[in-house]
Amino acid sequence: MSLASLTKPWAPMSYGFLDASAKRELRRKMIKAVCVPGCQMPYASREVPMARGWGTGGLQVSLTLIHPQMRVKVIDQGADDSVNAASIRRFLARVSGAPVTLDTLEADLIQSRHRIPEEILREDQVLVLQVPNPEPLRSVQPNMSIARQMHGDADYGRMWLQLYEQIVRSGRVMQGASYPSMVNGRHVMTPSPIPRWDVPKLHMARHLTILSAGREKRIFAVPPYTRVEPLVFDDVPYRVEDHGGLTCYRSGTKGFFMNEIPQGDGSSAYEVSDSAFGVKAIRTREGKGIEMGETWYKDGAMTQ
Amino acid sequence: MTLTLDGPRIVKTAPLVQLRGVNKSYGSVVALCDVSATVYPGEVLGIVGESGSGKSTLLRMMNLEETPDAGSYTLDLPDLDGNLFDLDRFARRMLCATRIGIVYQNPHLGLLMKNSSSGNVAERLLVAGERRFAVLREKARAALAASEFPLERLDAPPIELSGGMQQRVQLAKAIALEPALLLLDEPTTGLDVSVQALVLDTLKRLQRDRHITMVIVSHDLGVIRTLADRVMVMRRGAVVEAGLADQIFQDPQHPYTQQLVHAKL
């Protein structure tokens with residue numbers, strides 16, 4: 001095998017890399033997932049030229065949805081420029097001929113690992129989230145057959161118990177990411193390891209969110225305008241990360257989800273996690289006339 | 001054989017539990033053979049017999065963990081009609097989670113060993129739909145206090161507790177929702193004598209104060225004698241004798257019961 005053989009032009013492949021039957025199956029499973037919001041649908045996850053656990057689930061969904069007029073954005077923990085995001089973006093463009101973008105507002109399809117962009121998504125946009133572990137009950141019920149019965153019975157007492165235990169032991173809910181959330185009042189899902197900051201963005205959102213786990217072979221979805229409610233006790237309110245008062249040292253934006261950057265003197269600097277949003281803020285400040293979209297959060301609080 | 005157990009103190013009211021003609025076989029092994037039993041509100045029915053006599057199988061039937069080959073089971077509760085064995089899995093689970101409490105001989109069957117003791121009790125309340133943390137905490141504390149669990153160990157996981165403490169946590173979990181029926185499967189087996197006495201005292205007090213209807217299975221006649229109003233003696237899956245506790249212990253009729261009573265005494 002030579003390097004040349006690994007870099008074949010896309011023309012000899014099926015459009016979008018996956019063969020037609022694979023895409024047909026994925027489309028059917030996506031429709032089922034949309035019909036039963038939050039319910040995990042099994043599918044035959046195909047091999048893609050990427051290791052399991054690196055976003056193969058999201059990639060298969062993106063490859064199924066993509067068409068040459070669709071603008072694609074890929075982010076990894078909020079960043080467009082990570083190696084993984086750049087590789088997936090280039091791969092998607094190469095096998096589909098679709099244009100790519102870094103701007104959330106321009107994108108039709110956004111594949112993301114562990115973040116939802118700060119700008120509000122529209123009805124015509126699709127967010128594909130990569131999911132490492134789709135089963136929220138795994139930590140309380142390792143037997144997946146029983147876990148599926150528990151979903152069938154809406155038996156989520158153990159999930160609540162997990163939250164109870166966290167409050168008892170630590171004085172607060174310690175679940176940082178993958179916060180279990182009730183979708184449409186019926187199924188509890190893990191919204192992939194997005195931070196707590198991002199979970200409210202899914203509630204009654206205008207856009208379609210498809211969550212796909214390639215290694216675990218499960219697809220689930222949050223259709224537009226669907227209730228997504230984090231599990232919380234009536235007297236212990238849901239809290240997002242305390243980033244409202246932090247300011248990005250590069251862009252100057254304030255009140256958004258930040259990455260902490262430890263400094264040599266022991267202190268920390270913060271930069272906005274959504275890198276494209278940060279760049280737009282810098283360009284706007286420079287007077288480049290960049291369009292900034294409406295954001296889910298304003299001054300650290302949800303706007304809707 | 002069907003035995004009616006109407007004693008002088010129990011005929012005034014309708015039975016809470018009625019099991020009729022229950023049969024259960026595992027392959028060629030007959031676990032229960034035409035067993036019938038009646039339990040009245042507020043009383044304690046003791047079931048005794050040797051190992052393999054079908055006591056625990058019968059108790060699991062009452063907790064709807066097993067389905068018999070034949071027979072019926074009714075509970076006289078306002079919103080419950082018909083044979084409970086006909087309920088689907090979900091209805092059974094909800095009924096057991098909210099109306100029936102059980103204390104297993106082996107605490108590993110009834111408790112989440114790595115969760116806190118209060119969490120174990122709270123789980124039952126959560127299944128019943130309670131979603132206020134403060135209320136969960138308070139009710140768990142009250143149930144544990146009622147079962148005489150030391151409250152300074154409220155959040156200790158059962159795996160760090162002694163056998164007697166684990167049984168108290170099980171008991172607290174079982175009574176947290178004020179169940180209509182409390183099932184006790186050898187609750188004192190494996191405990192030393194002093195701890196046994198404490199657990200039995202707790203059970204007696206609960207029964208006296210809360211009038212909880214109980215069915216207790218034990219091969220220890222001392223335990224049955226201490227707690228039970230009426231006694232059912234089982235052997236090889238069948239009921240061989242049943243009656244008031246005093247009657248059974250003072251004047252056993254069946255040869256097997258005589259053997260059992262005299263072996264103990």
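Some observations on this one:
- Residue within the range B:193-210 that is outside any helix (DSSP H, G or I) and either at negative phi or not acidic (D, E) (or both) present: no
- Check on A:P180, without any contact (Cβ under 8 Å) to a residue 60 or more places away in the chain and in contact with a Leu (Cβ under 9 Å, 6 or more places away or on another chain): yes
- Per-region count, the range A:29-53, residues out of contact with any Gly (no Cβ under 9 Å at 6 or more places or on another chain) and over 12 Å from A:F220 (Cα atoms): 4
- Annotation: B:L109 fulfils all but one of (1) more than 21 Å from B:R205 (Cβ to Cβ); (2) within 14 Å of chain A (Cβ to nearest Cβ); (3) among the hydrophobic types (A, V, I, L, M, F, W, C); (4) surrounded by fewer than 18 Cβ atoms within 10 Å (Cβ to Cβ); the unmet one is (2).
- Out of A:Y225, A:Y238, A:Y297, sole residue that is surrounded by fewer than 19 Cβ atoms within 10 Å (Cβ to Cβ) and not assigned by TED's automatic domain parsing to the domain that holds A:G78: A:Y238
- Residue that is farthest from the other protein chains (Cβ to nearest Cβ), among those in the range A:112-171 that are hydroxyl-bearing (S, T, Y) and farther than 30 Å from A:A281 by Cβ: A:S145
- Single residue of the range A:175-198 satisfying the filter (more than 14 Å from every other protein chain (Cβ to nearest Cβ) and among the hydrophobic types (A, V, I, L, M, F, W, C)) that is surrounded by the fewest Cβ atoms within 10 Å (Cβ to Cβ): A:A177
- The range B:82-106, subset away from chain A (no Cβ under 11 Å) and of a type in the set (F, W, Y), residue farthest from B:L184 (Cα to Cα): B:F85
- When the criteria are applied in full, A:K201 fails the requirement of being surrounded by fewer than 20 Cβ atoms within 10 Å (Cβ to Cβ) and within 25 Å of A:Q175 (Cα to Cα).
- Residue in the range B:242-251 that is outside any loop (DSSP other than H, G, I, E, B), crowded, with 19+ Cβ neighbours inside 10 Å and touching a Ser or Thr at 6+ places or on another chain (Cβ under 8 Å) present: yes
- Looking across the range A:252-294, the residues that are assigned to a strand (DSSP E or B) and either loosely packed, with under 14 Cβ neighbours inside 10 Å or not basic (K, R) (or both) come down to A:M258, A:N259, A:E260, A:I261, A:P262, A:S268, A:A269, A:Y270, A:E271, A:V272.
- When every residue of the range B:57-67 is checked against the conditions, none turns out to be at pLDDT below 90 and basic (K, R).
- Single residue of B:L64, B:L59 found to be in a loop (DSSP other than H, G, I, E, B) and away from every other protein chain (no Cβ under 14 Å): B:L64
- Matching residues, the range B:151-177, being part of a loop (DSSP other than H, G, I, E, B), away from chain A (no Cβ under 14 Å) and surrounded by 18 or more Cβ atoms within 10 Å (Cβ to Cβ): B:L161
- Selection from the range A:15-49 of residues that are in a loop (DSSP other than H, G, I, E, B) and either free of Cβ contacts under 8 Å to residues at least 40 places away in the same chain or under 18 Å from the mean Cα position of the chain (by Cα) (or both): A:D19, A:P37, A:G38, A:C39, A:Q40, A:R46, A:E47
- Residue list for the range B:136-150, restricted to those being more than 20 Å from B:Q196 (Cα to Cα), out of contact with any Asp or Glu (no Cβ under 8 Å at 6 or more places or on another chain) and within 14 Å of chain A (Cβ to nearest Cβ): B:R137, B:E138, B:A140, B:R141
Conditions tested, residue by residue: (1) modelled with pLDDT of 95 or more; (2) among the polar types (S, T, N, Q).
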position: A:I75; (1), (2): yes, no
position: A:N84; (1), (2): no, yes
position: A:L121; (1), (2): yes, no
position: A:Q125; (1), (2): yes, yes
position: A:L137; (1), (2): yes, no
position: A:G171; (1), (2): no, no
position: A:P180; (1), (2): yes, no
position: A:R186; (1), (2): yes, no
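- Residue in the range B:84-93 that is of a type in the set (G, A, S) and free of Cβ contacts under 8 Å to residues at least 60 places away in the same chain present: yes
- Filtered by the rule that a residue be buried (at least 22 other Cβ atoms within 10 Å of the Cβ) and in contact with a Gly (Cβ under 8 Å, 6 or more places away or on another chain), the range A:118-145 gives A:V128, A:L129, A:Q130, A:V131.
- Put simply, of A:R115, A:R172, A:R148 the only residue that is surrounded by fewer than 18 Cβ atoms within 10 Å (Cβ to Cβ), in a loop (DSSP other than H, G, I, E, B) and out of contact with any Phe, Trp or Tyr (no Cβ under 7 Å at 6 or more places or on another chain) is A:R172.
The values are calculated or read from the model by the stated rules, or taken from the named source; none is laboratory data. Nothing here was measured: the structure is a model prediction, and the numbers come from that model. As a convention, Cβ positions derive from the backbone with ideal geometry for all residues, glycine included, and neighbour counts pool all protein chains shown.
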